[in-house]
Amino acid sequence: MIDWNLVAEVAGGGFGITILVLIILSLIAWLVGLVMQKTKAKPEETAAKDK
Amino acid sequence: MFGLYETAFGSLSWGNILMFLIAGFLIYLGIAKKMEPILLVPIGFGILMVNLPLGGLMIYSPEGFPAEVPTLGGLIQAIGRGEIGLLNVLYTYGIESEVIPLLIFLGVGAMTDFRPTIARPVSFLFGAAAQLGVFVVFIIAYTSGLFNGSEAACVGIIGGSDGPPTVYLTAALAPRLLGPITLVAYSYMALVPILQPPVIRLLTTKKERAIFMKPQLRHVSKLEEIIFPVMIFIVAALLVPKSVPLIGMFMFGNLLRVSGVTERLAQSASGVFIDVLTFLLGLTVGALMPAEVFLTTQTLAIIGLAVVAFAFGTAGGLWAAKLVNLFVKEKINPMIGAAGVSAVPMSARVVQKMGQEANPKNFLLMHAMGPNMAGAVATSVVAGIFLGMLM
């Protein structure tokens, strides 16, 4: 006897959650990268102005 | 004389002989064809060991499960009485307890370079989409009636193409299928260069395969490399708590590599440490395949379904890359999405080779390594989701 609720929950729900979790991880990786690049760029700009 | 001295010939079955041939074929593939030799050689030899009757290295219960290992106090006596064998001990304390797959993942983390993933975070989306094969095969396996829900999930995760999460999940949800699933997972990983190109050719045009990508990815700072494993672990652990053991070990191993102060630990984790664990895993997994357990319709179904899993995984990654191309100015070569089927680094190499065939100026290896690593994270997340839903 096939439990179609289980199929929907595990396949549909599981794949949906996987996509969602990995999108969140990619956003976090992107944000960290953005912050790092900005904070790295700032001291370089200040050093250039001082010259 | 023969009343006192017992040979094994009388106990040999046709099933045992067939398993010898399978073991010989695996050892041949490992040694002569260099296909995943680190695993196929020990697995092949493990199959030989368990299929030689009366050897006693791995004792099975009448239901086809490895005999239960008593607590440490009674262990030596049980081995002496022939109630269990050495490989029963390795199975119980190494695999059933999940120790070996998790420690192997630590070593894998220490060998992993996440810079391509950090430089292009959209890689995570490709890694996630490439899990499509896992869920498609879950549906097929479960609705076929050959597997229950837990077993179907373990068959599906072969499509993630990542060894430790596959072993970890199967040991927890379907230990009876651990032998065939691990064997098929590792064998098919070696077959990625044969399995992926037809699917990629079918789903992309030559023009798409020739899309040029600048060879250089952006520079990733040391601090970013250090923050990455910690952040990914914390967020993934909060979102999918059951993935903590896998992602925790993976990211801890990676932190050892990138921290800059634990080089000796990283070298140990990615050297002899992982080698010892890998051959123990291979040998024990091989010993999980006596003829009466391995030669079933379920095993044949697993062999067939794994092809479907790889095909849909490749397709999922490709479709995700095509989708992203609808929204970005600088087009991505959709083939790099196919590398989301982790199989590190084989699928990235496939993309590199096919990219150069379509456009000799293209150098896609580093671009494909991003989704490749993201695929490993995605498979661990999927294992955690399955455990949360089915355990």
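Of the listed pairs B:Lys242/B:Lys322; B:Lys222/B:Lys322; A:Lys38/B:Lys331; B:Lys214/B:Lys322, which have alpha-carbon separations greater than 22 Å here?
Checking Cα-Cα distances, B:Lys242/B:Lys322; B:Lys222/B:Lys322; A:Lys38/B:Lys331 exceed 22 Å.
Determine the sum of side-chain charges near B:Leu387: Lys and Arg each +1, Asp and Glu each -1, restricted to other residues whose C-beta is under 13 angstrom from that of B:Leu387.
Charge balance near B:Leu387 sits at 0.
Gap in Å between the Cα centre of the stretch B:152-178 and the Cα centre of the stretch B:101-119?
Cα centroid to Cα centroid, the span is 19 Å.
Measure out, as a whole number of angstrom, how far apart the alpha-carbon centroids of the stretch B:233-290 and the stretch B:37-70 sit.
One Cα centre to the other: 25 Å.
Just counting partner chain Cβ atoms within 10 Å, what average do the residues of peptide A:4-15 show around their Cβ?
6
Please give the helix B:272-286 orientation as an angle from the longest Cα principal axis of chain B, in degrees from 0 to 90, rounded to the nearest 10.
Here the helix axis deviates by roughly 60 degrees.
For the ranges B:366-377, B:104-115, B:318-329, what's the packing order if you count other beta-carbon atoms within 10 Å of each residue, average per peptide, and put the highest first?
Result, highest mean first: B:366-377, B:104-115, B:318-329.
Of all GluC sites (Glu not before Pro) in the stretch B:258-363, which ones are in loop regions per DSSP and have a Cβ with at most 10 other Cβ atoms within 10 Å?
B:Glu330
Please list, ordered by chain and number, the residues whose modelled amide H lies under 5 Å from the amide H of B:Tyr60; skip anything fewer than 5 residues away on the same chain.
B:Ala67
Specify the angular offset, from 0 to 90 degrees and rounded to the nearest 10, of the alpha carbon long axis of helix B:178-190 from the longest principal axis of the alpha carbons in chain B.
Taking Cα atoms only, the helix is inclined about 40 degrees.
Peptide B:127-134: average number of partner chain Cβ atoms within 10 Å per residue?
Taking all residues of B:127-134 together, the mean is 4.
Could you work out [θ]222 nm for chain B from helices alone, using -39500 (n - 2.57) per DSSP H run of at least four and dividing by all its residues? Round to the nearest 500 deg cm²/dmol.
It lands at -21000 deg cm²/dmol.
Every number here is computed from the coordinates shown, using simple stated rules; none is lab data. All values reported here derive from a predicted model rather than from experimental measurement. Cβ atoms come from the backbone with ideal geometry, glycine included; neighbour counts cover every protein chain shown.
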